[in-house]
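*Asks:* The structure's right below; bear with me while I get my questions together.
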Amino acid sequence: MKSRNLVTACMATALLLGACQSENENSSDAGSASEPKTVTDGVGNEVTIPNKPERIIGSYLEDPLVTLGVTPVVQWSVASRESTQVYLEEYLEGIDPIDSVLPLEAVMDAEPDLIFAPGETSLQSGDYEQYNSIAPTYVLDQETADDWRAALTEIGEVLGLEDKAAEALATYDARVAEVKEALNEKIGDSKVAAVWVIGGDFYVVAPDVASGAVLFEDLELEPANAIANLPEDAGAHWNPISREALAELDADYLFLVDGDPDTIKSLKSEAIWSGIPAVEQGNVFEVSGKSSWLYNGYQANMQTIDSVYEHIIGE
């Protein structure tokens, strides 16, 4: 009997020790997962990223942040904090604006625990160390900041949200393939243009940035002459076009980005307007000047794709 009790006691002790060891291992894993991590940002700064930061500033990086399910504490703005990226309003409703120059006092008032900056030039109101003294500051190199896919991926990696970034990119590529096929069947190699009308002037989108990249790279639509003939080093997202060049625009489908209703109204009464093929064919689509067409990013591009699909396919 004593022998049986001794064996039972030993087994119980072994089980208890095993359970304790397992519990300690789990505690250790959880502890390591909650530790801050030190990374090197795009311009060579060593930055200690807090575990699960809750108050993030990412001025002009709000698109990748909300795509990753992160709501920033403030949002980028210009024109005395009156103009924001309206296309993100469903994600940023009630979020206070911060001036695009990121005034140090306003940054401090936001009480961030992490700051993302799209290139060093975005830290306009001080030097890096001043921002980094307020909160750990991670700077994307300019090439990454200008590439929405790369920016989304890198921010996802920093925040431990790589899976969400990869999922978003897969969703985007699937949507592009679907819409590209539908457009090819509907309009083939018809020529397309996007013209922004604002302040009495006209601008055509470059074919490799903003909504131009969506139209002519992702969806592989055929650019109209004014866009196809832009110099490779044009640089600007939107490039001025003269009235004479507008009169010769050979677009079969024209997206008119409305930044100035009075100028659009005046344009439609002029002779140069009626000669554009898209006008003759009834394929002119007005889109809001506050819409996604002026920006790039997962959210911006998806909204632009949906806009193109709606207007051309009509479903």
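*Asks:* Computed over the Cα atoms of segment 60-171, what is the convex hull's projected area averaged over all directions, in nm²? Please report the intermediate quantities before stating the final value.
*Replies:* Details: hull surface 27.2 nm².
For the Cα atoms of segment 60-171, the hull's average projected area reads 6.8 nm².
*Asks:* Enumerate the lysines that K268 could reach by cross-link, defined here as Cα to Cα under 22 Å, with residues fewer than 8 away along the same chain left out.
*Replies:* K191, K290
*Asks:* Something else now. When averaged across all projection directions, what area in nm² does the alpha-carbon convex hull of the chain cover?
*Replies:* Computing the convex hull of the Cα atoms and averaging its projections yields 23.7 nm².
*Asks:* Same structure, new question: Can you tell me the relative contact order of segment 168-315? Whole percent, Cα pairs under 8 Å, sequence separation 6 or more.
*Replies:* This gives 28 percent for segment 168-315.
*Asks:* Please give every one of the lysines within straight-line cross-link reach of K52, meaning a C-alpha to C-alpha distance under 22 Å, and leave out same-chain neighbours fewer than 8 residues apart.
*Replies:* K37, K164
*Asks:* Compute the projected area of the convex hull of the Cα atoms of segment 165-281, averaged over all viewing directions, and report it in nm² to one decimal place. Let's see the in-between values first.
*Replies:* Details: hull surface 32.3 nm².
Orientation-averaged projected area of the Cα hull: 8.1 nm².
*Asks:* How much area per residue is accessible in the chain when the probe is 1.4 Å and only protein heavy atoms are counted (Å²)?
*Replies:* Each residue of the chain exposes 51 Å² on average to a 1.4 Å probe.
*Asks:* Now for a separate question. Using R₀ = 35 Å, calculate the FRET efficiency as 1/(1 + (r/R₀)^6) where r is the Cβ-Cβ separation of H311 and V43; round to 0.05. Please list the in-between numbers first.
*Replies:* Values: r = 41 Å, r/R0 = 1.17.
Calculated value: 0.30.
*Asks:* For the chain, with only Lys/Arg (+1) and Asp/Glu (-1) charged at the beta-carbon, what is the dipole magnitude about the Cα centre, in debye rounded to 20?
*Replies:* Numbers: 16 positive and 57 negative charges, 231 e Å.
That gives the chain a dipole magnitude of about 1120 debye.
*Asks:* For the chain, what proportion of DSSP beta bridges, expressed in % and rounded to the nearest 5, is antiparallel?
*Replies:* Of the beta bridges lying entirely in the chain, close to 35 percent run antiparallel.
*Asks:* What order do you get for 56-63, 97-104 when each peptide is scored by the mean count of other beta carbon atoms within 10 Å, highest first?
*Replies:* Numbers: 56-63: 24.9, 97-104: 17.4.
Descending mean neighbour count gives 56-63, 97-104.
*Asks:* At 37 °C and a viscosity of 0.692 mPa s, what translational diffusion coefficient does Stokes-Einstein give for segment 99-233, taking Rh as the Kirkwood radius over Cα pairs? Give it in µm²/s as a whole number. Walk me through the numbers before you get to the answer.
*Replies:* Numbers: Rh = 17.9 Å.
After rounding, the answer is 183 µm²/s.
*Asks:* Let me ask something else. Given the DSSP H assignment, sum -39500 (n - 2.57) over each helix run of at least 4 residues in the chain and divide by its residue total; what's the result at 222 nm in deg cm²/dmol, nearest 500?
*Replies:* Here the helix-only value at 222 nm equals -12500 deg cm²/dmol.
*Asks:* In the chain, what percent of the accessible surface is made up of carbon and sulfur (1.4 Å probe, ligands and nucleic acids excluded)?
*Replies:* Carbon with sulfur: 47 percent of the solvent-accessible area.
*Asks:* Under the Karplus relation 6.51 cos²θ - 1.76 cosθ + 1.60, θ = phi - 60°, what is the ordered set of whole-Hz ³J(HN,Hα) values for segment 216-230, x standing for Gly and Pro?
*Replies:* Each residue's phi maps through the Karplus curve to give 9, 9, 6, 8, 6, 7, 8, x, 5, 4, 4, 8, 4, 8, 5 Hz.
*Asks:* Working from Cα positions, state the angle (0 to 90°, nearest 10) between the long axis of helix 162-187 and the longest principal axis of the chain.
*Replies:* 30
*Asks:* Additional query: Rounded to the nearest Å, what's the spacing between the alpha carbon centres of segment 206-260 and segment 73-91? Just the number, please.
*Replies:* 26
The values are calculated or read from the model by the stated rules, or taken from the named source; none is laboratory data. Nothing here was measured: the structure is a model prediction, and the numbers come from that model. Here Cβ is always computed from backbone atoms with ideal geometry, including for glycine, and neighbour counts include all displayed protein chains. Note: accessible area is taken over every heavy atom of the protein model, side chains too, but ligands, DNA and RNA are not part of it. Shrake-Rupley method; radii C 1.70, N 1.55, O 1.52, S 1.80 Å.
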